[in-house]
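No lab work stands behind these numbers, since they all come straight from the coordinates. As the structure is a prediction and not an experimental result, all values here were calculated from the model. We place every Cβ from the backbone using ideal geometry, glycine too, and count neighbours over all the protein chains shown.
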């Protein structure tokens, strides 16, 4: 594993021009492009779970504002006009059941560089442990199904699964839509009781991705597709057998089914296979941390998908109906399959101002229910989402803009 | 064609890029054009028009209109994209009625370099910025086959030329916008004489000011100005201002939207209101009040699109990439300035007075002796310069905020009047950062 890390870091460093960065003046004459965006979700919600095998039922109600976030991004061209460098800072309200400390955390804190061929990000950002983003209200809604589990984490914290310090490169060989992707990352680590450990680089990945420019999503069929091999190095102390390496394979894609931008049907599907660590066993009597660790370290496969219909009369988005599903199975365990289905509805009442409603139902087979303590659960939430995105001093054309993709790339 | 260094015979200059064909149009082309005209009805019988020619009576059945009415196809049920369609509007004589000088024009997206290091995408007539320069003689019949090679819609408005209204190029007022892949045939008589110009009239703030413009010079058979000011060289300066950030984002945005509109149109599913087309104001009000249509100008949909010009130019280039005016001692030159930008430009010549002789193409009753002329947006201003002070003289907008490139002086709308056959004691160099 260390050899992989050294090779990956060396390759990464070779793509970055090395310059001294201390004690140089900041040229205030050159203002960066500034992009500010954010989203506030406020949804009264009600959750209930049916206890398994005599365990007590649970219910809860809340005004959920988790996943609300704000982000600012700053970009400048480099002197040679061969690319753009930038910095991103973003904060996010943590989930209401999360064990991450504090109410908010830095989900984005990274430096970037991109040009026609390279897209590089170094720092805290979204993990590369998925290829399809599901249209659920919050990222956590299908967390266990849609992302590669963190085999080094023994605590409940969706933020650990979603965000981590990484160094990632996407290489577009012909400047087009296909990219070879690679990354190294420092996924969250805990001890057996779920207490955080100091971070270290413990994951690496390699893959291929196809991304149609967002501007083309409504007029072309394939929006995105990709496949990624994801490797995690687990500390020996966390492994039940001394096996410290876990591979996962992710594949998926998103497609627009019809060719009518006023009535858009779209579908997406993603599969994740994780080989798991050796000798992981489900023990319902183990501590909570150990049970969470076992779920993260066990061999598993997960299939997720969605179907959406977006109504855009006069080409203005007004409504979206979505149906999202997830199936996950732990093949080494008996009766350890879970299912989830989420219908949701978005009524757009203004630019990025949405009234939303979502229902979720999840059921677990007995083997898995014994581990989690519940047999099935459901939640309903209705609320308001306010989003915004504004660019100031907009002096940089995007790599994937229609002009740059179809009419010649301008640096 | 916008090479201002070029010495031309002002009376007979014809742009090579326009593929002027009046003398050599072959029978195959005539058959093609007539065949295409037959698809849309063509100009069959002529009636009285602006020039005294009879108005056309056309069969517009293919356009979805009954009888001989000529109207918009945009409201036709199932209106579809018809790439390759040649549209022959009524209002001007047919090919066999008059002897046309025929030109082919198209519109495409090009990468254009304003100044070294600054390249942007532009809509460009025949791939040029500015578009090709027309030189015709007053009374000539002009036929322009305008083909749209972009995904956006366009027209050509002949600014200052007195044309039949169906040739005026104003979308949804005098014609449908020219759809992607279609050809619209403009026919008119070149009049009145003078410095005129043309520009796209669709999405005008972007299309007209950023690149889709060019000179349309109508020469008199006997020009009294030439007798009084016997000029031997004739320069055209198209004055331009660009917000390259607005242009980039606007073009990307409209291409994104047009891909959707064109897809709907190709399937016959485009509701005209989707494109902001209404039969009349009443229809528009009803659509708004019923909630079916939410206008994009509302404060709920737009906080206003800002245009902040950061590059200024002459004939597609900013200083120091602008080309110089050449003159010899004892020579008269004519300079035609066309303000295709949305800003005023106060053009000042060093070391000389000049004679302002024409405005908007029309000769002034009395030439005025000036050294600064205030060129208004949309206007054309002709001046005569006499070479009586050998040297190198700057000629620039005296709103010096326009003599900058992205805020850095000097740049922008600046060129030089350079004397030929002259040995300088101080030779100019290039300065870009003062």
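Annotations
- Cα convex hull of the range A:153-267, projected area averaged across orientations, nm²: 9.0 nm²
- For the range A:289-390, the fraction of C-alpha pairs farther apart than 19 angstrom is 56 percent.
- As a proxy for reagent exposure, ranking A:310, B:394 by other Cβ atoms within 10 Å from fewest up yields B:394, A:310.
- Within 10 Å of each Cβ in A:398-411, the average number of Cβ atoms from other chains: 5
- Mean-position separation - Cα centroids, the range A:373-411 and the range B:91-153, in angstrom: 39 Å
- Distance from the range B:301-380 to the range B:184-258 (C-alpha centre basis), Å: 13 Å
- Just so you know, the Rg over Rh for the range B:182-262 is 1.13, from Cα atoms, with Rh as the Kirkwood radius.
- The range A:37-119: relative contact order in percent, alpha carbon pairs under 8 Å with at least 6 residues between: 23 percent
- Using C-alpha pairs below 8 Å separated by at least 6 residues, the relative contact order for chain A is 16 percent.
- Stretching the chain fully between residue B:421 and residue B:172 yields a gain of 84.3 nm (0.36 nm per residue, less the alpha carbon separation).
- Alpha-carbon gyration tensor eigenvalues x 5, square-rooted, for the range A:114-169, Å: 23, 15, 9
- As a size descriptor, the averaged projected area of the C-alpha convex hull of the range A:228-331 was calculated at 8.7 nm².
- With a simple spin-label model that places each label point 7 Å from the Cα along the Cα-to-Cβ direction, the separation between residue A:366 and residue B:398 comes to 9.7 nm.
- Residue B:369-residue A:97 pseudo-label distance in nm [points 7 Å out on the Cα-to-Cβ vector]: 9.2 nm
- Among B:109, A:70, A:353, sorting on how many other beta-carbon atoms sit within 10 Å of each Cβ, with the fewest leading, yields A:353, A:70, B:109.
- Inter-part distance, the range A:53-74 to the range A:260-285, computed on C-alpha centroids, equals 21 Å.
- FRET efficiency, 1/(1 + (r/R0)^6) with R0 22 Å, evaluated for residue A:193 and residue A:106 via beta carbons: 0.30
- The protein assembly as shown - convex hull of alpha carbons, volume per residue in Å³: 190 Å³
- Here, the range A:24-117 is characterised by an Rg to Rh ratio of 1.24, where Rg is the alpha-carbon radius of gyration and Rh the Kirkwood radius.
- For chain A: Kirkwood Rh in Å [reciprocal of mean 1/r, alpha carbons]: 22.7 Å
- Inter-probe distance in nm under a simple model that places probes 7 Å from Cα toward Cβ, at residue A:220 and residue B:353: 6.4 nm
- Convex hull volume per residue, computed on the Cα atoms of the range B:241-280, equals 83 Å³.
- The value of relative contact order for the range A:265-411, using C-alpha pairs under 8 Å at least six residues apart, is 16 percent.
- For the range B:239-369, alpha-carbon Rg and Dmax in angstrom: 23.1, 71
- A Gaussian network model of chain A, with springs between Cα atoms under 10 Å, assigns the largest mean-square fluctuation among A:142, A:257, A:162 to A:257.
- Take each residue in B:255-261, count the other chain C-beta atoms within 10 Å of its C-beta, and the mean is 6.
- When the Cα convex hull of the range A:84-213 is projected onto planes of every orientation, the mean area is 8.3 nm².
- Fraction of beta bridges assigned by DSSP in the protein assembly as shown that are antiparallel (%, nearest 5): 90 percent
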